[in-house]
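One structure below.
Read-outs throughout are calculated quantities, based only on the coordinates presented, and are distinct from any laboratory measurement. Worth saying up front: this structure is predicted, and the values here are computed from it rather than measured. Cβ coordinates were reconstructed from backbone atoms using ideal geometry, including for glycine residues, and neighbour counts include every protein chain displayed.
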Amino acid sequence: MGDYTTDNDRCDCNIIHVEVVEHVRENMPEEETLLDLADLFKMFGDSTRVKILCALLHSEMCVCDIASLLGMSKSAISHQLRALRQTKLVKYRRDGKVVYYSLDDDHVKGIFDQGLLHVCE
């Protein structure tokens, strides 16, 4: 990624644009919603979780399959899946003794695809 810092990106004015500030304030989501969004984006800050999401883009998988794919322990994968479930990025279903994981919904695929598109620009 490139360095976007230049002398041109610093604001030297001391004027508050009250109308702009009020407009933005009125349209900002609630604080709790923003905290939830920050938690969601934190999930993408770990390469193992990103790899799990990428794998689940292609197929529903059990913990054993994900562990084999990523060369990690089932315990480590389960730990990451728990975090992904808590932020509603993945869901699971039980089939007998096997638990299968998949992306929670199409929004997750969209978030992943947009992020991938952005970093590949």
Quiz item: Applying the selection to region 28-56, what residues are among the charged types (D, E, K, R) and exposed (fewer than 10 other Cβ atoms within 10 Å of the Cβ)?
Solution: Glu30, Glu31, Glu32
Quiz item: Would it be correct to say that Arg25 is surrounded by 10 or more Cβ atoms within 10 Å (Cβ to Cβ) and either assigned to a helix (DSSP H, G or I) or among the hydrophobic types (A, V, I, L, M, F, W, C) (or both)?
Solution: no
Quiz item: Which of the residues belonging to region 81-121 are surrounded by 11 or more Cβ atoms within 10 Å (Cβ to Cβ) and on the phi > 0 side of the Ramachandran plot?
Solution: Lys88
Quiz item: Are any residues in region 76-116 part of a helix (DSSP H, G or I) and more than 17 Å from Ser47 (Cα to Cα), and if so, which ones?
Solution: Gln86, Asp106, His107, Gly110
Quiz prompt | Yes/no for Asn8 being outside any helix (DSSP H, G or I) and free of Cβ contacts under 8 Å to residues at least 12 places away in the same chain | solution = no
Quiz item: Residues of region 53-76 being of a type in the set (A, V, I, L, M, F, W, C) and closer than 18 Å to Leu116 by Cα, which ones?
Solution: Leu53, Cys54, Ala55, Leu56, Leu57
Practice problem: Scan region 40-51 residue by residue and report those that are out of contact with any helix residue (DSSP H, G or I) (no Cβ under 6 Å at 6 or more places or on another chain) and either over 22 Å from Leu116 (Cβ atoms) or part of a helix (DSSP H, G or I) (or both). | Solution: Leu40, Phe41, Lys42, Ser47, Val50
